[in-house]
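Only the coordinates and a few stated rules stand behind these numbers; no lab work does. None of these values were measured; they are calculated from a predicted model. Cβ placement follows ideal geometry from the backbone for every residue including glycine, while neighbour counts extend to all protein chains displayed.
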């Protein structure tokens with residue numbers, strides 16, 4: 001895994017246990033982790049936590065973000081509403097690595113009801129260890145943040 005970095009993590013109530021497991025594991029790996037909540041199993045709205053995560057990654061407070069909900073779908077949609085964030089919903093390590101290598105994803109989304117702790121850790125490890133390849137991918141990533149870029153060549 002890459003050297004120590006600041007990582008933000010957020011979930012909804014359905015992913016509270018997985019969030020805690022990943023938070024503790026990331027700390028053991030030497031990372032600084034900002035847990036954005038929630039902190040109890042009471043029902044919450046995933047967009048609130050997705051928006052918070054997107055903001056701290058986009059403003060540079062955290063280098064990477066991990067978003068969790070029951071399926072990973074809802075929270076990934078909310079995180080991706082921010083133009084400075086690219087959140088990839090994955091369920092296995094190869095997709096996590098490719099999200100970094102080709103898409104410069106700065107957030108990773110996982111579904112707690114679909115992905116167990118060991119697989120989630122493998123996805124996060126691949127995500128954190130992979131660098132963006134740049135090159136031909138940079139033009140495409142630029143278009144993700146600014147849909148006004150028109151290059152139909």
Between residue 131 and residue 17, what's the calculated FRET efficiency when r is the beta-carbon distance and R0 is 25 Å? Round to 0.05. 0.25
Difference of contour (0.36 nm per residue) and Cα-Cα distance, residue 28 to residue 92: 20.9 nm
Once you keep just the Cα pairs under 8 angstrom separated by 6 or more residues, what percentage relative contact order results for the chain? 23 percent
Can you sort 76, 4, 71 by how many other beta carbons sit within 10 Å, fewest first? 4, 71, 76
Degrees separating the helix 117-129 axis from the principal Cα axis of the chain, which is the longest one: 40 degrees
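When the helix-only estimate is applied to the chain (DSSP H runs of n ≥ 4, each -39,500 (n - 2.57), divided by the residue count), what is the mean residue ellipticity at 222 nm, nearest 500 deg cm²/dmol?
-13500 deg cm²/dmol
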Residue 140/residue 59 FRET efficiency (R0 30 Å; Cβ-Cβ; nearest 0.05): 0.80
Take the eigenvalues of the Cα gyration tensor for the stretch 6-145, scale each by 5, and report the square roots as semi-axes in whole Å, largest first. 22, 16, 13
